[in-house]
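Notes to accompany the following structure.
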Amino acid sequence: MHALLPLLFFLAHPFWELRTPPQWTDREIEDMLNDSPWAQHVGSAPDVLVYFATAQPIELAQAEANRRYHTKPAELDADYTNYLKQHRADSFILAIPYASLSGLGSASDDRKLQDETVMKAGHQTYHFAGYFPPTPRDPVLRLVFPRKVQVSDKSVVFELYLPGIPLPRRDVEFTLKDMVYHGKLEM
């Protein structure tokens, strides 16, 4: 029975709480970036990846993947990186990679993005504070939301309107207790 206790402890904690990113397997890095408490695929035809770009576990997994596979980090827009430097404490970024940029740029779609994309946490609804559109060099839509979420809210739901994607309305829910990394809610 005593021999089982370390095994039960190991199985009760996720890999990101037990080991550092250099110790993660290739599969664990892939899971962190695509199917973790901070990253989910939603919908079908096509499914869409939605992830918290500013969550420390995602940033660590991306950095480790770049180091391990000798890939150059994405060339991020200077306005975006400057925004992060100034607003990381009061904002987080929800990111959605785009496979194709065709179909973007319609004024009515931009208006729907602004009007219909919201975050729901607890009994509150929040509109995003701004966004960084996908570009040919960086095909990721980045939505800026206020850091108003608490673990006690239990979950956070995003109702998204994603211009240029078939079936542009997507909803995604993240369970907040699962998004705690080393004792801190990471978004």
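A few notes on this one:
- Out of D115, D138, one residue alone is among the acidic types (D, E) and loosely packed, with under 12 Cβ neighbours inside 10 Å. It is D115.
Conditions tested, residue by residue: (1) over 30 Å from L167 (Cβ atoms); (2) not in a strand (DSSP E or B).
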residue: E30; (1), (2): no, yes
residue: T54; (1), (2): no, yes
residue: P57; (1), (2): no, yes
residue: L60; (1), (2): yes, yes
residue: A63; (1), (2): yes, yes
residue: P73; (1), (2): yes, yes
residue: L94; (1), (2): no, no
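Yes/no per residue for (1) under 14 Å from G130 (Cα atoms); (2) among the charged types (D, E, K, R); (3) open to solvent by 70 Å² or more (accessible area, probe 1.4 Å):
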| site | (1), (2), (3) |
| --- | --- |
| A61 | no, no, no |
| R67 | no, yes, yes |
| T71 | no, no, no |
| L76 | no, no, no |
| Y83 | yes, no, no |
| H87 | yes, no, no |
| I93 | yes, no, no |
| Y98 | no, no, no |
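- Residue that is most open to solvent (accessible area, probe 1.4 Å) [pool: residues in the stretch 118-131 that are at pLDDT 95 or above and either assigned to a loop (DSSP other than H, G, I, E, B) or hydrophobic (A, V, I, L, M, F, W, C) (or both)]: A129
- Of all the criteria given as (1) within 19 Å of the chain's Cα centre (by Cα); (2) in contact (Cβ under 8 Å) with a residue 24 or more places away in the chain, the one not satisfied by L104 is (1).
- Taking the criterion of being farther than 26 Å from A63 by Cα and either modelled with pLDDT of 95 or more or loosely packed, with under 11 Cβ neighbours inside 10 Å (or both), the residues of the stretch 13-52 that qualify are S44, A45.
The values are calculated or read from the model by the stated rules, or taken from the named source; none is laboratory data. Predicted, not measured: the structure shown is a model, and the values here were computed from it. Every residue, glycine as well, gets a Cβ built from its backbone with ideal geometry; the counts of neighbours run over all protein chains shown. With ligands, DNA and RNA removed, areas are computed over all heavy atoms of the protein, side chains included. Shrake-Rupley method; radii C 1.70, N 1.55, O 1.52, S 1.80 Å.
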